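J.: Handing you a structure now.
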Amino acid sequence: MTTAMLAPVDGPAAWQGSRIDLREEGVRVLSAAEIDEIDTALGHLRSRGEVDFPDITKLTFPLPGLGRDLAAIARELHVGRGFLLLRGLPRDRWPLDDLARIYYGLGVHIGQPAPQSYLGELLGHVLDVSDVEADARGYHKGGAQRMHTDNCDIVSLFGVRGARSGGISRFVSVAAVHNRLLDERPDLVAALYGEYVFRRMERDAEYGDGTLTRNVVIFSRTSGQLTCNVSGAYPHRAARAGDWRMSELQAEALEELKRVSMLPDLYLDMTIGDGDIQFLNNRTILHGRTGYEDWPEVARRRHLMRLWLQVPDWPALPANQGMHRPSDHPLWLRQRTPFMELPSRYLAEMAGRRAAFA
């Protein structure tokens, strides 16, 4: 622990939601020419036959104009406020499977897609399938989600279909939360710079590098900026399993981090409409969602597609920040099967499971 760690953070990343006009400062609308360029790129991809997701690259999905802007978005996400909604993609212009290809193709111009679990999926589906999937994770369950980070540089969501009501994306600046905590309880900030023990999901460890528990710092400045990695469930899983003994101060620090991240003057709410694409800097922003009411039929439920993007040009995070490691990725990818992420296949599988349960 150094004195510099307990200094306030300033700069664009230290924004407060109450001072942001999201429509003016957080939304970029695609032009008609850019949409045509996307359509041309899709045509080029389709001319190569049935191309699986790992083979969608800057070469197979070329965007000579828009691609430069997407690379600039990656830079701005790193050094700026860390959020953007890309709007204007016509949801009804292409079949859903082609929209998945387009979304992935846009993503590779920003970063490198990473697998999201031991299953090796490169494009995830955020959909409540808890009625047909045993031990469903948060993105496969309904309801609200507390503020957290994922395990990537940029987390992105594509709006396929909204909920019956609710289900709004909510996110907050890590720096603003850090600074508010520093004003109120510097001892808790110091605890969050210290190491916690996280217990991963067992299959992520089994099919990854075999490491079940990891020592993780929640706040770090090693990369040259304040970064955060936190999921409140994992340190508590470790404590319940007897992997470590969480101190009262460490537990209080987690609870206060949760509380401050939900202060109305700090967070922003963003509606991700059909065809909208949200990008968040996963290092400098915590994200969650509000509760929602869904439809009973799988085909009508709230549905977003998700990418976890790694950006090689960004400074490396410290080895002790994050539950998963790059060494897990090639091991997880061994479980992946071709075209498994296609929405038509995924939704058909989930609907089939639900019919079998009925």
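The values are calculated or read from the model by the stated rules, or taken from the named source; none is laboratory data. Predicted model only: the values in this text are computed from it and were never measured. Note: ideal-geometry Cβ built from the backbone for every residue, glycine included; neighbour counts use all protein chains shown. To get the accessible areas, we keep the full protein, side chains included, count just its heavy atoms, and leave off ligands, DNA and RNA. Shrake-Rupley method; radii C 1.70, N 1.55, O 1.52, S 1.80 Å.
J.: What number of residues in segment 59-76 are of a type in the set (A, V, I, L, M, F, W, C) and surrounded by fewer than 16 Cβ atoms within 10 Å (Cβ to Cβ)? Steps first, please.
T.: To start, the set of residues in segment 59-76 that are of a type in the set (A, V, I, L, M, F, W, C) comprises 59, 61, 63, 66, 70-74.
Subsequent filtering for residues that are surrounded by fewer than 16 Cβ atoms within 10 Å (Cβ to Cβ) retains 59, 72.
So the count comes out to 2.
J.: Run down L342, L347 and say which single residue is in contact (Cβ under 8 Å) with a residue 24 or more places away in the chain, touching a helix residue (DSSP H, G or I) at 6+ places or on another chain (Cβ under 6 Å) and surrounded by 15 or more Cβ atoms within 10 Å (Cβ to Cβ). Talk me through it step by step, then tell me what you get.
T.: Numbers: L347 fails: touching a helix residue (DSSP H, G or I) at 6+ places or on another chain (Cβ under 6 Å).
Selected residue: L342, the only one of L342, L347 that is in contact (Cβ under 8 Å) with a residue 24 or more places away in the chain, touching a helix residue (DSSP H, G or I) at 6+ places or on another chain (Cβ under 6 Å) and surrounded by 15 or more Cβ atoms within 10 Å (Cβ to Cβ).
J.: Within segment 171-184, is there a residue that is in contact with a helix residue (DSSP H, G or I) (Cβ under 7 Å, 6 or more places away or on another chain) and hydroxyl-bearing (S, T, Y)?
T.: Initial filter on segment 171-184 (in contact with a helix residue (DSSP H, G or I) (Cβ under 7 Å, 6 or more places away or on another chain)): 172, 177-178, 180-182.
Checking which are hydroxyl-bearing (S, T, Y) leaves us with none.
Checked segment 171-184: no residue is in contact with a helix residue (DSSP H, G or I) (Cβ under 7 Å, 6 or more places away or on another chain) and hydroxyl-bearing (S, T, Y).
J.: Of everything in segment 321-356 that's among the aromatic types (F, W, Y) and not in a loop (DSSP other than H, G, I, E, B), which residue is modelled with the lowest pLDDT? So that I can check it myself, show each step before the final result.
T.: Kept after step one, since they are among the aromatic types (F, W, Y), are these residues of segment 321-356: 332, 339, 346.
With the extra rule that they be not in a loop (DSSP other than H, G, I, E, B), the set shrinks to 332, 346.
Details: W332: 98, Y346: 92.
Filtering segment 321-356 for residues that are among the aromatic types (F, W, Y) and not in a loop (DSSP other than H, G, I, E, B), the one modelled with the lowest pLDDT comes out as Y346.
J.: Going through segment 108-125 one residue at a time, which ones are outside any loop (DSSP other than H, G, I, E, B) and more than 13 Å from the chain's Cα centre (by Cα)? Steps first, please.
T.: Taking segment 108-125 and keeping what is outside any loop (DSSP other than H, G, I, E, B), we get 108, 112-113, 124-125.
Passing the criteria: V108, Q112.
J.: If I filter segment 77-94 down to residues being open to solvent by 20 Å² or more (accessible area, probe 1.4 Å) and touching a residue at least 60 places away in the same chain (Cβ under 8 Å), which single residue comes out as nearest to A176 (Cα to Cα)?
T.: By that ranking, first place goes to R81.
J.: For segment 105-113, does any single residue satisfy the condition of being open to solvent by 40 Å² or more (accessible area, probe 1.4 Å) and closer than 18 Å to R283 by Cβ? Full working, then the answer.
T.: Of the residues in segment 105-113, the ones open to solvent by 40 Å² or more (accessible area, probe 1.4 Å) are 112.
Next, only the ones that are closer than 18 Å to R283 by Cβ stay: 112.
Yes, the conditions are met somewhere in segment 105-113.
J.: Check A114 against each of (1) over 19 Å from T40 (Cβ atoms); (2) in contact with a Lys or Arg (Cβ under 7 Å, 6 or more places away or on another chain) and name the one condition it does not meet.
T.: Only one criterion is unmet by A114, namely (2).
J.: Give me the residue from segment 294-316 that is over 17 Å from A74 (Cα atoms) and of a type in the set (D, E, K, R) and, out of that set, modelled with the lowest pLDDT.
T.: Here is the first cut: in segment 294-316, the ones over 17 Å from A74 (Cα atoms) are 294-305.
Within this subset, residues satisfying the condition of being of a type in the set (D, E, K, R) are 294, 297, 300-302.
On the way: D294: 94, E297: 90, R300: 93, R301: 94, R302: 96.
Only one residue tops the list, namely E297.
J.: I want to confirm something. Restricting to segment 11-43 and keeping residues that are open to solvent by 60 Å² or more (accessible area, probe 1.4 Å) and in contact (Cβ under 8 Å) with a residue 60 or more places away in the chain, which single residue is nearest to I272 (Cα to Cα)?
T.: Looking at residues that are open to solvent by 60 Å² or more (accessible area, probe 1.4 Å) and in contact (Cβ under 8 Å) with a residue 60 or more places away in the chain, I get S18.
J.: Any idea which of (1) acidic (D, E); (2) part of a loop (DSSP other than H, G, I, E, B); (3) surrounded by fewer than 19 Cβ atoms within 10 Å (Cβ to Cβ) is the one D150 doesn't satisfy?
T.: That leaves (3) as the condition not met.
J.: Let me ask something else. Of a type in the set (A, V, I, L, M, F, W, C) and out of contact with any Gly (no Cβ under 7 Å at 6 or more places or on another chain): is that true of V108 in this structure?
T.: On the way: of a type in the set (A, V, I, L, M, F, W, C): yes; out of contact with any Gly (no Cβ under 7 Å at 6 or more places or on another chain): yes.
Against the criterion (of a type in the set (A, V, I, L, M, F, W, C) and out of contact with any Gly (no Cβ under 7 Å at 6 or more places or on another chain)), V108 qualifies.
J.: Additional query: Assess whether A190 counts as being in contact with a helix residue (DSSP H, G or I) (Cβ under 7 Å, 6 or more places away or on another chain), of a type outside the set (S, T, Y) and not in a loop (DSSP other than H, G, I, E, B). Explain how you work it out, then say what you get.
T.: Numbers: in contact with a helix residue (DSSP H, G or I) (Cβ under 7 Å, 6 or more places away or on another chain): yes; of a type outside the set (S, T, Y): yes; not in a loop (DSSP other than H, G, I, E, B): yes.
The answer is yes for A190.
J.: What's the number of the condition A239 fails, among (1) open to solvent by 50 Å² or more (accessible area, probe 1.4 Å); (2) at pLDDT 95 or above; (3) closer than 27 Å to A134 by Cβ?
T.: Of the numbered conditions (1) open to solvent by 50 Å² or more (accessible area, probe 1.4 Å); (2) at pLDDT 95 or above; (3) closer than 27 Å to A134 by Cβ, the odd one out for A239 is (1).
J.: Ok, one more. For the structure I just gave you, tell me whether R185 is within 20 Å of the chain's Cα centre (by Cα), surrounded by fewer than 22 Cβ atoms within 10 Å (Cβ to Cβ) and modelled with pLDDT of 95 or more. Steps first, please.
T.: Details: within 20 Å of the chain's Cα centre (by Cα): no; surrounded by fewer than 22 Cβ atoms within 10 Å (Cβ to Cβ): yes; modelled with pLDDT of 95 or more: yes.
No, not satisfied.
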